[in-house]
Structures are given as structure tokens and as C-alpha cells.
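First comes the structure, then the notes that go with it.
A short reminder: the numbers here are calculations on the coordinates, not readings from a lab. Bear in mind the structure is a predicted one, so any value in this text is a computation, not a measurement. Here the Cβ is made from the backbone with ideal geometry for all residues, glycine too, and neighbour counts use every protein chain on show.
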């Protein structure tokens, strides 16, 4: 029998994944102008890679409806080229006066963050409905 | 003849609840994978579950006497299948937020309906056990 708690765990894993997305988007925005990181290089934009993962493999083995959660497969650095800005007074400028700026596009990050927030909300709603169902089931014992 | 502890009804209501839980589980899984690239939305359908109950041939339903045969079967676990006829996004994901929320709400309501009926049934039995007190 597919358990409601498995569905609960699936939604909870999504909350975790979406929160990670928001955190990464926030750190991208925060570092949109960071021209020197610990390695001396400008900040590189980070991206979250999501993948689906069964919560309980037992149900699938029996050919039943299984709860599929989501997990963060990794956080990768965007290898696209840095933006260049002419700013000769900056200590990080090269000999032509250009500064390599992080490859972060702020509007893009904002959109990503909105999407993650919406998905987070949807999963909160799902958890609420599942919780109601569990409560109803427990009411039978009264 | 129906008596107060009619097991077929209790079993049927129990199965309706199990089905509702399965649908809720699938919808919750789809919602969890709202942004997973390549994930295909899944669904658990009533027809699939009914086929599971009756076997692949429609014969048992015709042979048995009405609802009792459906009521007498053992479990209501059904598999899932990919949702057909929905457009996938560019990342290959075919989950639609509104569709899944509706499915989740509907499953939850179905569960509540069955639970209400089952609770009433139990109340009746308890009433009889307590000699009407």
C-alpha cells in the first residue's frame, strides 16, 4: 500500500530542493559584482541540478503507485564567459582597463527564484492536504 | 441480506481510501518534481485499478452479482502510468502545477467522503454494541 508518509517525504524532499535553489539564486545575486573570490577569480554563477529519486523503492518493486521525491544531484558552476566592464581604476582591471565581472544575470536569477518560490508554495499546499488526509484517517479510531 | 456488519461495504470504502491515497501519492510526487528536467507526470487511474481488481477479462463482473464482487476483492493497489496528451516543456518535464493541485484536492476530498461514510458505519456498529446507549 502506498503510504501517505511516503508522499509526505516526497513533498518534503521538494521543499529541501527548492530551498537550495533559492539559496543558490540568492548567493548568485549577492555576488553579481564580486570580482575576486578566494581563488583570485571573479565569482562564477552556480546552478542547481535536480533529479528525481524514489522515496520508497519497495512500492515500485511491487508494481504499485510509488512516491517519487526530488533530490539535489549537485551544484555546478556555470562555465560561460565572464562579462567585461571598462573600469581602469579598479585594482582587478587588466592592462587594457577591463574588469572581468561574474557571469551572473540578475533578472535571470530573480525569475529562477520566483519559480522556486512558487514550487515551494505548491509543495507546502500538498503537505497541508496530505496532513489533512492523515488526520481524517486517524479520526476513524475515535 | 445485509446486516449491520456488512463487510463488503467496509472493504469497498477501505479500498476507495486506498485509491485516494495512491492518487494523492502520485500527485505529490509530480508536484515534488515540478522542476526536475526530463520528469514525466504520472497518474493512477480508476480504470487501471478496476482492471486489477477484476483481472484482465471483464467476465467476473458479469458473472458475479453486482457490487458484491467488487466489494469482495482483496486490495486496491494499482500501478501508475505516464500522463498522455500533455505538452512537455523544453526541459522534457510535463508536470502541470494546476492539474496536480486539482488532482491532489480531489483525491483528498474522495478520501474524506469515504472516511465520513466509514465513520458513520462504525458509529452504527458501536451503537449496536452498546445496546443503543
>> Counting only helical runs of four or more DSSP H residues, what would the 222 nm mean residue ellipticity of chain A come to if each run contributes -39,500 (n - 2.57) and the total is spread over all its residues?
In response: -16000 deg cm²/dmol
>> Taking the beta-carbon count within 10 Å as an exposure proxy, list A:49, B:83 from fewest neighbours to most.
In response: A:49, B:83
> Is the shape of chain A best called rounded, prolate or oblate, per the rule: a/c under 1.5 gives rounded, else a/b larger than b/c gives prolate, else oblate, with a ≥ b ≥ c the square roots of the Cα gyration tensor eigenvalues?
Replying inline: prolate
> Which stretch or stretches of region B:89-133 have amide N atoms under 18 Å from the point lying 7 Å from residue A:142's Cα along the Cα→Cβ direction?
Replying inline: B:109, B:111-127
> Using the alpha-carbon atoms, what tilt in degrees (0 to 90, nearest 10) does helix A:106-139 show relative to the longest principal axis of chain A?
Replying inline: 10 degrees
>> Just to verify a number: FRET efficiency for residue B:109 and residue A:73, C-beta to C-beta distance, R0 = 41 Å, to 0.05?
In response: 0.70
> In what sequence do B:116, A:35, B:25 fall when counting other Cβ within 10 Å, fewest first?
Replying inline: B:116, A:35, B:25
> Listing A:138, B:97, A:50 from the residue with the fewest other Cβ atoms within 10 Å to the one with the most, what is the order?
Replying inline: A:138, B:97, A:50
>> Angle check, please: helix A:4-30 long axis (alpha carbons) against the longest principal axis of chain A (alpha carbons), in degrees 0 to 90, nearest 10.
In response: 10 degrees
